[in-house]
Each structure stands twice: as C-alpha cells, then as structure tokens.
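Visitor: Okay, handing you the structure first.
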There are 2 protein chains.
Amino acid sequence: MAETIRTIPTKAQLMERLADSFSGYYGDFSLAAADAGLSASQAKTLGVLRTAPASMRALATTLACDASNITGIVDRLEKRELVRREVSPTDRRVKNVVLTTAGEETVDAIRARMHTTHAALDALDDADRAVLHDLLGRVFCGARGPRSAT
Amino acid sequence: MAETIRTIPTKAQLMERLADSFSGYYGDFSLAAADAGLSASQAKTLGVLRTAPASMRALATTLACDASNITGIVDRLEKRELVRREVSPTDRRVKNVVLTTAGEETVDAIRARMHTTHAALDALDDADRAVLHDLLGRVFCGARGPRSAT
DNA sequence: TCTATTGCTTGAGATGCTCAAGCAACGCCG
DNA sequence: CGGCGTTGCTTGAGCATCTCAAGCAATAGA
C-alpha cells in the first residue's frame, strides 16, 4: 500500500463528512428497501435483527425511539412473516423478536441491492477496506484498535 | 503511527459494519435533533442545506423521497424561521431553500450535541481521523484518493 | 404480601411519506 | 408568435411513523 499525504481535517469537517456519508448511505438504503416493498424504518429494524434477536425494549433503545413505535413496526413485519415474536422463557413480559428465514433473505437482498454503495466499495482495495472496517468499528461499535505491530 | 495487522473483511462484513455504524450514528443524531425540538427528517434537511442552498427538487433527490414530502418539511422549518424559500431568479418555478442564521446555528448545535459520536472520534488520533475522512469521501462523495507518495 | 418498577400495548394527535392530480413557468418547434 | 410537452412545486387522500399519556401484566424488592 502506498504512503499517502493528507491534510488533517478539523472536527467540524469530519462531522460534516459523516453527515454527508450518512445521507448518501441512507438514500441508497431506502431505495433498496423500497424495491423490497419495505419502508426505511421496517428495513432498519430487520437490519438490527440480522445480527441477533432482540426484545422490543432493546429495539427501541437501538433505534432511539419510543417502544410503542416498535409495536406497530413489528406488527407489520410479523404480518408479512419476516419476523416472529417469541415470549422470553425467563421473563414472560418480554417478547423477543426473531427474524424468519424470509426475513434474513430480505435483509441480504436489500444490502445486495445497494448498488451505489457497492460500486463505491469496489473502488477500494483490500487494505483500504480493512482500514475502513476497523475505523468504523472503533468509532461506532466501541471496538478496540487492531493488534499493533509497533 | 504504528504499523497495524488486520484481517481482510468480506464484502458482507463490511456492509454489516456500515449498517451498524449508521445505525449508531442515526441514533445519536436523532436524539440530538430531538434536543433541538426537531424531528430527524427536519434535522437531516437542515444538514443538507448547511453545505449549500438547494431547490425543492434537489432536496427530494438527495433525501431520496417524493418532492411533495419536502413541501411539508420545509413548511414547518420555514414556520420556525430556520429556513427561507427564495424564488430562483433564473427560473420562476424553482424555489431555492436557504438556511437562515438561526438555521445554521441549529445545525451546528445539533452536531455539537452528538456526544456519543464526538467521544468516539476523540478516541482516534489525527492520522486516523485523516484516513477516515478520506475513505468516507471516496466511498460516499465520489472523491478521488489523496495524493499518493508511492 | 404490598408496592414500585419494568415491558409491552393502545389510543390520540402531529409528522412523514407516496401517489395522483393540478397549476404555473419553461423550452422547443413549427 | 402560438401550441404543446416537460418540469417544479403544491395539494389532498391514505397509510406509516413517531411521541406522549395511560393502562395491563409480570417481576423485583421491601
């Protein structure tokens, strides 16, 4: 990989870049979701569940909205059999929302249809992709940096 | 900066990381917007306008939604004097939406209140921030890579 | 047990969103 | 010039999303 020369961005520039990036990603995402006949909120919810099942409460926290909101979204997803409510065995108040097989396929199909994002990622080489994956993990997922060979 | 060792993520892993990252960003963003008394859509619209004024049509394209949708959002933003409609001098059909000073301050205030994101960015050093800024630009803004010193 | 808390749902009211329809301004072409 | 298709925005209908307040069932703690 080449040594690169960059100017250091200010914090405000970086925030603006994040906002622009998010805007671009979200546009691509919601168009892909619409292709699958889903709203952005529904697709976002499916996406969260792709990693692991979650309770209604956990979904509300992750999506930063009121729990009553999740009730309606999950109602509609359940009606389409993309998702299933399962009463928690350890706490009968809790309902765990689980993706059905059709639900998993839908998430994958939506991600596959994000043509703009895919094309952009294709323009990166493996090393850049690795760096991006790592940096995003550290910023948004609280991951530690990779092993350092200093 | 240290030489680092990373494993190469698959495309699917990278897509999932992007989804998680934007989920995290969106949560932080919409909480900050709510602090300012704005919905996520309203705040997103203001954010787009922070870079430059745009016509209703351009906003609809950028936000990947119907133009009639923008009418309502801009109506409400205008009612709060965060935004102004200006008839284009070159095409009287077109209305350019421009941020007021209060609007600019609101965007900046929202970005400043994104504590989770700020804290995460603070954990990066300057070099990492530069790399992140560059990679996001190449993926989502169609920017070319930085000058290479290979 | 009694009580406070937690997880989910319901209903009301505002906003977001898409579609179809409509008006005004533009552009082109005869 | 005059006609005519196109474009930019708005309106209205209909449903989804979202917040808030209220309510019920199950849990946890005293």
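The values are calculated or read from the model by the stated rules, or taken from the named source; none is laboratory data. In this text, all values refer to a predicted model and were calculated from it rather than measured experimentally. Reconstructed Cβ throughout: ideal geometry from the backbone, glycine too, with neighbour counts over all protein chains shown.
Visitor: Is it the case that some residue within segment A:67-81 is within 14 Å of chain B (Cβ to nearest Cβ), without any contact (Cβ under 8 Å) to a residue 12 or more places away in the chain and more than 12 Å from DNA strand D (Cβ to nearest atom)?
Guide: Taking segment A:67-81 as the starting set, the residues that turn out to be within 14 Å of chain B (Cβ to nearest Cβ) are A:69-70.
This time we only want the ones that are without any contact (Cβ under 8 Å) to a residue 12 or more places away in the chain, so: A:69.
Filter once more, keeping what is more than 12 Å from DNA strand D (Cβ to nearest atom): none.
No: zero hits.
Visitor: Considering only residues that are among the polar types (S, T, N, Q) and within 12 Å of DNA strand D (Cβ to nearest atom), which ones fall in segment A:37-61? Walk me through how you get there before you give the answer.
Guide: From segment A:37-61, those among the polar types (S, T, N, Q) are A:39, A:41-42, A:45, A:51, A:55, A:61; that's our starting set.
Result: A:SER39, A:SER41, A:GLN42, A:THR45, A:THR61.
Visitor: What pairs come out if I take residues in segment B:12-23 that are at pLDDT 90 or above and pair them with residues that are of a type in the set (Ser, Thr, Tyr) and assigned to a helix (DSSP H, G or I) whose C-beta lies under 8 Å away, six or more apart or interchain?
Guide: Correct list of pairs: B:MET15/A:THR117; B:GLU16/A:THR51; B:LEU18/A:TYR25; B:LEU18/A:THR117; B:ASP20/A:THR51; B:PHE22/A:TYR25; B:PHE22/A:TYR26; B:SER23/A:THR62.
Visitor: Among the numbered criteria (1) more than 8 Å from chain B (Cβ to nearest Cβ); (2) among the polar types (S, T, N, Q); (3) within 16 Å of DNA strand C (Cβ to nearest atom); (4) touching a helix residue (DSSP H, G or I) at 6+ places or on another chain (Cβ under 9 Å), which single criterion is violated by A:THR106?
Guide: The one condition A:THR106 does not meet is (3).
Visitor: Here is a further query. For segment B:101-132, enumerate the residues that are touching a Leu at 6+ places or on another chain (Cβ under 6 Å) and among the polar types (S, T, N, Q).
Guide: Selection gives B:THR106 alone.
Visitor: Just wondering, is there one or more residues in segment B:61-78 that are under 30 Å from A:ILE8 (Cα atoms) and out of contact with any Pro (no Cβ under 6 Å at 6 or more places or on another chain)? Let's see the steps before the verdict.
Guide: First pass over segment B:61-78, keeping only residues under 30 Å from A:ILE8 (Cα atoms): B:62-63.
Those still in the list that are out of contact with any Pro (no Cβ under 6 Å at 6 or more places or on another chain) too: B:62-63.
Within segment B:61-78, one or more residues are under 30 Å from A:ILE8 (Cα atoms) and out of contact with any Pro (no Cβ under 6 Å at 6 or more places or on another chain).
Visitor: Would it be correct to say that A:VAL98 is touching a residue at least 24 places away in the same chain (Cβ under 8 Å) and away from DNA strand D (no atom under 11 Å from the Cβ)?
Guide: Values: touching a residue at least 24 places away in the same chain (Cβ under 8 Å): yes; away from DNA strand D (no atom under 11 Å from the Cβ): yes.
When the stated conditions are applied, A:VAL98 passes them.
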